[in-house]
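Please read the structure below before turning to the comments.
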Amino acid sequence: MSVNGSVRLALPGKGALESATLAFLAECGLKVNRSNPRQYLARIKSMSEIEVVFQRAADIPELVQSGDAALGITGYDILAEHRGYGDEEAEEEDHDEETMVLVRDLGYGGCRLVVAVPETWIDVSTCADLWHLSGYYRTHKGHGLRIATKYPILTGQFLRRHNITHCKIFSPHGALEAAPLTDTADLIVDLTETGTTLRENHLKLLDDGVVLRSQATMIGNAELLSQNPEVLRVTEIMLELIEARVQARNRSMLVAEVRAENAEAMQNICAGLKHRLRAIAPNLEFRITASDLISNMGTGWYTISGVVGGRTEVSELLEVIAVLRGAGAVNVNVTPLTYCFTKESVSVRALHERLKRMR
């Protein structure tokens, strides 16, 4: 919460995650009004009860855990390191945490925490190879592998799962990629999106060396959510909007007018359309329905609509249009979806179930 009783939302204040988060919230109808990039406080016009505070992404889990912020958005990698475990160690439901994960993956900020070794280690391509090498270092060099990372807790857990215990984990200042080149470390565990920077520094990923997959994640303070009705109400609204926006992302609504003698004939036309569409594009995500309402074109005209998924190529879309025209469809409109609300918000339901278990 904040001093004035508003519900405080902590957002990343710097870097790529900041701009991506602001763009994402604007897509969800939650645009943050921040006229000056140096401002630490801002508001969301559509939800005046929210006070936005900008902080380092690394500090946001602590802010939410302490209750200084009711809600926050940060990288899941940062949260996992803060809590001391990632996906492999435990499921979220199994822990009574002060900090709840409200949305695990928001759909942006994707990266991987990976083990990267020098390209010259031609015989090392798996964690089993690394285990053998760590034994060799211990026997012949008198010390274990030196591993540089900004994620010592997650790295230690990952290595223990692969029985690699002869090692020293440390967190240097500066770019990790330089550590093997300057002989301050033997290998690194670092974040990557594409692996390009690692390759440019003559490092390679182990085949099974993904420690954690991360995206932007939304978190909340469990105590405030369970005890403060205003925090819960604001969170429910945000979850509804975020979930509906994520569901609608890269999807379009297709609407057309088709003439038929009656509703039964219209249903037969729809059934035939579905069959033909499956034949020309079996992987096409397309649902089609017909309304009972008579369109403004006069008696006997019906409106059909469907949702075209994000995996649809332009060529496939044109094939769909051709099939619809073949069935007599006119005025075919394709409009990108902004929101896609389902019968019930899965995120809100899951939140209520978890709060119930806490009581």
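Which members of region 341-359 meet the condition of being open to solvent by 30 Å² or more (accessible area, probe 1.4 Å) and not acidic (Asp, Glu)? Break it down stepwise before answering.
Restricting attention to region 341-359, the residues satisfying the condition of being open to solvent by 30 Å² or more (accessible area, probe 1.4 Å) are 341-344, 346, 349-350, 352-354, 356-359.
Listed by number, the residues that qualify are PHE341, THR342, LYS343, VAL346, ARG349, ALA350, HIS352, ARG354, LYS356, ARG357, MET358, ARG359.
Do you know which of the residues in region 191-230 that are without any contact (Cβ under 8 Å) to a residue 40 or more places away in the chain and crowded, with 16+ Cβ neighbours inside 10 Å is nearest to TYR108 (Cα to Cα)? Checking each candidate, the answer is THR197.
Counting just the residues of region 136-189 that are of a type in the set (Gly, Ala, Ser) and open to solvent by 30 Å² or more (accessible area, probe 1.4 Å), which one comes out nearest to ASN201 (Cα to Cα)?
Looking only at region 136-189, we keep the residues that are of a type in the set (Gly, Ala, Ser), and these are 142, 144, 148, 156, 171, 174-175, 178-179, 185.
Within this subset, residues satisfying the condition of being open to solvent by 30 Å² or more (accessible area, probe 1.4 Å) are 142, 171, 174-175, 178.
Numbers: GLY142: 27, SER171: 19, GLY174: 14, ALA175: 11, ALA178: 7 Å.
That would be ALA178.
Scanning region 5-58 for residues that are among the hydroxyl-bearing types (Ser, Thr, Tyr), under 28 Å from LEU191 (Cβ atoms) and either in contact with a Phe, Trp or Tyr (Cβ under 7 Å, 6 or more places away or on another chain) or free of Cβ contacts under 8 Å to residues at least 12 places away in the same chain (or both) yields SER19, TYR40.
Mind listing whichever residues of region 300-320 are without any contact (Cβ under 8 Å) to a residue 60 or more places away in the chain and open to solvent by less than 20 Å² (accessible area, probe 1.4 Å)? Passing the criteria: GLY300, ILE304, GLY306, VAL307, VAL308, GLY309. Any idea how many residues of region 104-133 are within 19 Å of LEU181 (Cβ to Cβ) and among the acidic types (Asp, Glu)? Selection size over region 104-133: 1.
The values are calculated or read from the model by the stated rules, or taken from the named source; none is laboratory data. All values derive from a computational prediction rather than experimental measurement. Glycine gets a Cβ as well: all are built from the backbone with ideal geometry, and neighbour counts include every protein chain shown. Accessible surface areas use protein heavy atoms only, side chains included; no ligands, DNA or RNA. Shrake-Rupley method; radii C 1.70, N 1.55, O 1.52, S 1.80 Å.
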